[in-house]
1. Working only within segment A:508-527, note down all residues that are in a loop (DSSP other than H, G, I, E, B) and either in contact with a helix residue (DSSP H, G or I) (Cβ under 8 Å, 6 or more places away or on another chain) or under 16 Å from residue A:255 (Cα atoms) (or both).
2. Test of understanding: among B:24, B:58, which residue is modelled with pLDDT of 85 or more, crowded, with 18+ Cβ neighbours inside 10 Å, closer than 30 Å to residue B:262 by Cα and within 14 Å of chain A (Cβ to nearest Cβ)?
3. So, restricting to strands (runs of 3 or more DSSP E) that lie completely within segment A:22-125, which ones have at least 1 residues that are crowded, with 20+ Cβ neighbours inside 10 Å, touching a residue at least 24 places away in the same chain (Cβ under 8 Å) and within 8 Å of another protein chain (Cβ to nearest Cβ)?
4. Please go through segment B:191-208 and give me each residue that is more than 7 Å from every other protein chain (Cβ to nearest Cβ) and either in contact (Cβ under 8 Å) with a residue 12 or more places away in the chain or closer than 29 Å to residue B:149 by Cα (or both), ordered by number.
5. Given segment A:394-507, what strands (runs of 3 or more DSSP E) lie entirely inside it while holding 2 or more residues that are surrounded by 18 or more Cβ atoms within 10 Å (Cβ to Cβ), away from chain B (no Cβ under 14 Å) and within 16 Å of the chain's Cα centre (by Cα)?
6. Return yes when residue A:327 is surrounded by 24 or more Cβ atoms within 10 Å (Cβ to Cβ), within 14 Å of chain B (Cβ to nearest Cβ) and either touching a helix residue (DSSP H, G or I) at 6+ places or on another chain (Cβ under 6 Å) or at pLDDT 90 or above (or both) and no when it is not.
7. Limited to segment B:218-228, what total is found for residues that are surrounded by fewer than 20 Cβ atoms within 10 Å (Cβ to Cβ) and touching a helix residue (DSSP H, G or I) at 6+ places or on another chain (Cβ under 9 Å)?
8. Tell me the residue from B:280, B:222, B:216, B:238 that is within 30 Å of residue B:100 (Cβ to Cβ) and either touching a residue at least 12 places away in the same chain (Cβ under 8 Å) or within 14 Å of chain A (Cβ to nearest Cβ) (or both), please.
């Protein structure tokens, strides 16, 4: 053992008390100071468990069988108090909402130092320095719950950095951020590492992290480390189906594989049908009770055959806009028509048979003792017959890849699985339009690509709309893009038009991805946007 | 994450005091109010309440929902007590009948009859004023107490660190619970669930409420586990804690506490001397005669 290494893991295995199989097995790791180490892998591969062993939550908060050892700055974790560990390792969780405790930014950032019993003047100075370092001094006196997603993530990071840890552990820090905020967060991480901090970052959006040139990449699968090395050589060792690699790497690797099957979206919409819009927004304005106007004069239509990606920064009004389509919110002025009828005259339950809405957070809707009953709830409310409900449930389970889990209690499942149950619960209702609010958040790449492929090709939907921060999802699946900013739809058109304008992307806090760039480059040849695997088989091998 | 009540800094009487001083005064006020059943005493305390409400700087539109909810609740129960004649019987021994209204129908041989007596009227009116005073003073607190000061306020009142921080979290848990409830209600409505159409007996109703109750409860449990993890990761409870915010008593705060203590002392004194018991004005007794 070399004492200088900030983090050493030796032969570490852990099994949660409630599980039969170990979550991680025989992990060996030694990290050099001032490096960024990217830890990638699909959900359930053991990333979070490894982090919990490093920051001391295992075995203090999570019980089970541990073997092996973890050293921080040459001191074994099991011999250290949580107070000492928290000064050595700072942990930023995936969702800042689950981490922020203080009601005001100042108190939140000061929380750890208050607990360590520092003098008031020293705390104030440390808080001010940390806020200044992250360029968020202006947020100091704001209430934490009123911050945007990106601001919350930075404040959560500030709360950890104020304690001046040597090692920073980040668990999927980009999940809830718009692309520009994600890039800012990543740049910040690079700066911290350059200043001497050791960073261990868990993320399956590998492409985004590669931009800040991590010194090392670890790839985990089934609780074990399968690859450990420089990012340049990861392409050969990492399965491009499991984590999101840059387009160039996939283009190179996918040529050797069989071409992916062509996606034939919305087969139901291809049939002849009346051309009346399914949903229509007419000069819709909306404001909350506080008097703040969120939507300003929105005119829109959802037509048969539309696969719409709704893009825009955190807090732009995307969710507010979509909640009008299902009647959960009613316009202050203007009209929303669903099937030609004003939502003021319809109950949400009536609209639900036309428009299925998947909420962002699954934990707000799951209640039934089994997955089967959970999925039957919606169709039963819509008075479908028991036989039809049986078929709807089986098909939905298949699409989200949860066959075999029908009798499992949804509340005992992982977050990713719960999210898929929440999507299946709406699929089972067989509405004509499907609306999903950030369907891929908290999901791993492999799973969300699989269910997006299946959902798009379902025979029941006439239109699909999804809110996302992931431009690539718009590139691969959408035939129409709405860009929403400051309560207005600032662009509405086909992806190749809307996403071509770099300046427009920048002002809407979007960052072009390598897949978008590759598609734009080859567009004269392909005349259509494709996934990287699809593109690999449509362009000449020499390119 | 925890959200806070709709506090904002206002130029108002209540916010001009140290929150600890206000909480002490509030406790004295509550104790005094529950000591008396004399309408005249309650009216005096109600005037004090109204002065606080009217100088609070909180717009009616901001508090509208809370007022409608609590007002509706108080009026409903006062009316119910009045109509059924239950409650208050320990306060008076004899009743003076003003009017007896009998229904012109019977239900299974029972004829509903409303007996209006001078005592019942005064009991209902006094109850109404009394509960309104208590409720009004309570409603003001979340709007007027800076969330950043919750913890230090309770610490300053002598509670240990852990309990004071726990109180801080609890104060913020209530509005967070409300927000989670709304989110769940919306998510289930989007699945065709109609709360309005729930029918059946007590057990059937509770069972049909499961789509609301289960997610909200589970979410609350999971959130509290997250909160515990987040606190552990930042060394909460490892030793004596520094509270960044500092509260300092000024002269006006001491005067308010003195006034609060005087109020409760005076009230206890009056009460022991037999003042402030249930009172019926002469004109009502005359009407009964």
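1. Quick first cut of segment A:508-527, residues in a loop (DSSP other than H, G, I, E, B) only: A:508-513, A:527.
Listed by number, the residues that qualify are A:509, A:510, A:511, A:512, A:513.
2. Numbers: B:24 fails: within 14 Å of chain A (Cβ to nearest Cβ).
One residue alone meets the criteria, B:58.
3. Details: elements: A:24-31, A:36-40, A:64-72, A:89-92.
By residue number, A:89-92.
4. Of all residues in segment B:191-208, those more than 7 Å from every other protein chain (Cβ to nearest Cβ) come to B:195-208.
Within segment B:191-208, B:195 is the sole residue that qualifies.
5. Details: elements: A:433-437, A:463-467, A:480-485, A:488-493.
Result: A:463-467.
6. Details: surrounded by 24 or more Cβ atoms within 10 Å (Cβ to Cβ): yes; within 14 Å of chain B (Cβ to nearest Cβ): yes; either touching a helix residue (DSSP H, G or I) at 6+ places or on another chain (Cβ under 6 Å) or at pLDDT 90 or above (or both): yes.
Yes.
7. Quick first cut of segment B:218-228, residues surrounded by fewer than 20 Cβ atoms within 10 Å (Cβ to Cβ) only: B:218, B:220-228.
Then keep just the ones that are touching a helix residue (DSSP H, G or I) at 6+ places or on another chain (Cβ under 9 Å); that gives B:218, B:220, B:222-224, B:226-227.
Residues that pass the stated criteria total 7.
8. Numbers: B:222 fails: within 30 Å of residue B:100 (Cβ to Cβ); B:216 fails: within 30 Å of residue B:100 (Cβ to Cβ); B:238 fails: within 30 Å of residue B:100 (Cβ to Cβ).
Exactly one of B:280, B:222, B:216, B:238 is within 30 Å of residue B:100 (Cβ to Cβ) and either touching a residue at least 12 places away in the same chain (Cβ under 8 Å) or within 14 Å of chain A (Cβ to nearest Cβ) (or both), namely B:280.
The values are calculated or read from the model by the stated rules, or taken from the named source; none is laboratory data. If you're wondering where the values come from, they're calculated on a predicted model, not measured in any experiment. Cβ: placed from backbone, ideal geometry, glycine included. Neighbour counts: every protein chain shown.
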